[in-house]
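Participant: So that we are looking at the same thing, I have put the structure below in structure tokens.
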Amino acid sequence: MMSARHFLSMMDYTPDELVGVIRRGIELKDLRNRGVLFEPLKGRILAMIFEKSSTRTRVSFEAGMIQLGGQAIFLSPRDTQLGRGEPIADGARVMSRMVDAVMIRTFAHGNLTEFAAHSRVPVINGLSDDLHPCQLLADMQTYLEHRGSIKGKTVAWIGDGNNMCNSYIEAAIQFDFQLRVACPEGYEPNPQFMALAGDRVTVTRDPREAVKGAHLVSTDVWTSMGQEEETAKRIALFKPFQVTRALLDLAAEDVVFMHCLPAHRGEEISEDLLDDVRSVAWDQAENRLHAQKALLEFLVAPAYTPE
Ligand code: CP
Ligand code: NVA
């Protein structure tokens, strides 16, 4: 009984399924804005395992489950047997007999695939060292709301070729857009994802070249969670990759700027960038809630059939 569908990567779903989830996210946002009670997941439980810190992911999944009529349980490895060496497979076997879905934020992506392989219920990637697919659902919803379809558009990723960048590569494939990555040498995205994308993704050392005419510009912190000891080196190396208002001026007239947050003003973005009219970062953050509610609705069947 290992047939549950998971969401570990954007590649787990077809392009139509992804667009369906995003459009549903927009509907669920509208329902909430109109104050309509919608509780299809009454009696359902999401377990959330966080090996790394989080604001948006935790609050959006927890609030989302509650709004859908269910509940969420926050688990830290510090307090569970997972943190004391109980095999991931055993944790998966046990937890998935008790809850209806599991969200995991972890370091090694292999922890997610291992858990999913032994879980009876859907497993959701809440960020790994390799990927952050939930953030891309929110980003794609945000672009659709502000500018319409992203198909055929040009996206510039400025900075570290990290987990977010890898998910942008997957999104380029699934949503059919061109992605230009500007990063320092040695900080390219994972070649495995690059190979998947073929000529949809190009890498440059020049942020201006990447941003020229782009419809969406996105960046992320220079030092991801788990890399803290590299901070000083990264700050020096990434300096030419700061996204500023002047850099955005080189993009398309209708460009939008996104940042998955948390942001370090004065590092990957200038102090004023989130206040620029081209920034949609707060809508983007809010959409984590709506897009993930649509994802939960898609993955978790209602517990009770209405009479
Ligand atoms: N963007 C994002 O995933 O934020 P958190 O680390 O706060 O969850
Ligand atoms: N790249 C960042 C994203 C945080 C949401 C990290 O992994 O820390």
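Participant: Looking only at the stretch 225-267, which residues are within 24 Å of Glu145 (Cβ to Cβ) and either among the polar types (S, T, N, Q) or within 16 Å of ligand 2 (Cβ to nearest atom) (or both)?
Facilitator: Listed by number, the residues that qualify are Val243, Met258, His259, Cys260, Leu261, Pro262, Ala263.
Participant: Among the residues of the stretch 11-62, how many are among the hydrophobic types (A, V, I, L, M, F, W, C) and more than 17 Å from the chain's Cα centre (by Cα)? Before you say what the answer is, go through the steps one by one.
Facilitator: Filtering the stretch 11-62 for residues among the hydrophobic types (A, V, I, L, M, F, W, C) gives 11, 18-19, 21-22, 26, 28, 31, 36-38, 41, 45-50, 59, 61.
Still in the running and more than 17 Å from the chain's Cα centre (by Cα): 28, 31, 36-38, 41, 45-47.
Going through the stretch 11-62 one residue at a time, the tally reaches 9.
Participant: Given the structure, is Ala117 surrounded by 13 or more Cβ atoms within 10 Å (Cβ to Cβ) and more than 16 Å from Asp12 (Cα to Cα)?
Facilitator: Working: surrounded by 13 or more Cβ atoms within 10 Å (Cβ to Cβ): yes; more than 16 Å from Asp12 (Cα to Cα): no.
When the stated conditions are applied, Ala117 does not pass them.
Participant: Can you tell me how many residues within the stretch 57-85 are closer than 18 Å to Ser128 by Cβ, in a helix (DSSP H, G or I) and of a type in the set (A, V, I, L, M, F, W, C)?
Facilitator: 2
Participant: Working only within the stretch 41-62, note down all residues that are open to solvent by 30 Å² or more (accessible area, probe 1.4 Å) and not β-branched (Val, Ile, Thr).
Facilitator: Looking only at the stretch 41-62, we keep the residues that are open to solvent by 30 Å² or more (accessible area, probe 1.4 Å), and these are 42-45, 51, 53-56, 58-59, 62.
Of everything in the stretch 41-62, those that are open to solvent by 30 Å² or more (accessible area, probe 1.4 Å) and not β-branched (Val, Ile, Thr) turn out to be Lys42, Gly43, Arg44, Glu51, Ser53, Ser54, Arg56, Arg58, Glu62.
Participant: Continuing with the same structure: Residue by residue through the stretch 109-127, note down the ones that are within 10 Å of the chain's Cα centre (by Cα) and part of a loop (DSSP other than H, G, I, E, B).
Facilitator: Step one: list which residues in the stretch 109-127 are within 10 Å of the chain's Cα centre (by Cα), which gives 125-127.
If the condition is that a residue be within 10 Å of the chain's Cα centre (by Cα) and part of a loop (DSSP other than H, G, I, E, B), then Gly126, Leu127 are the ones that fit.
Participant: Taking the stretch 129-160 on its own, how many of its residues are in contact with a helix residue (DSSP H, G or I) (Cβ under 9 Å, 6 or more places away or on another chain), in a loop (DSSP other than H, G, I, E, B) and either surrounded by 24 or more Cβ atoms within 10 Å (Cβ to Cβ) or of a type outside the set (Val, Ile, Thr) (or both)?
Facilitator: 9
Participant: Let me ask something else. Leu216 is checked against (1) within 14 Å of ligand 2 (Cβ to nearest atom); (2) over 16 Å from Ser270 (Cα atoms); (3) touching a residue at least 12 places away in the same chain (Cβ under 8 Å) and fails just one. What number does that condition carry?
Facilitator: Answer for Leu216: the failing condition is (1).
Participant: Now a separate question. Please count how many residues of the stretch 255-290 are within 19 Å of the chain's Cα centre (by Cα) and part of a loop (DSSP other than H, G, I, E, B).
Facilitator: Going through the stretch 255-290 one residue at a time, the tally reaches 7.
The values are calculated or read from the model by the stated rules, or taken from the named source; none is laboratory data. Keep in mind the model is a prediction, meaning the values are calculated, not measured. Every residue, glycine as well, gets a Cβ built from its backbone with ideal geometry; the counts of neighbours run over all protein chains shown. Surface accessibility is based on the protein's heavy atoms, side chains included, excluding ligands, DNA and RNA. Shrake-Rupley method; radii C 1.70, N 1.55, O 1.52, S 1.80 Å.
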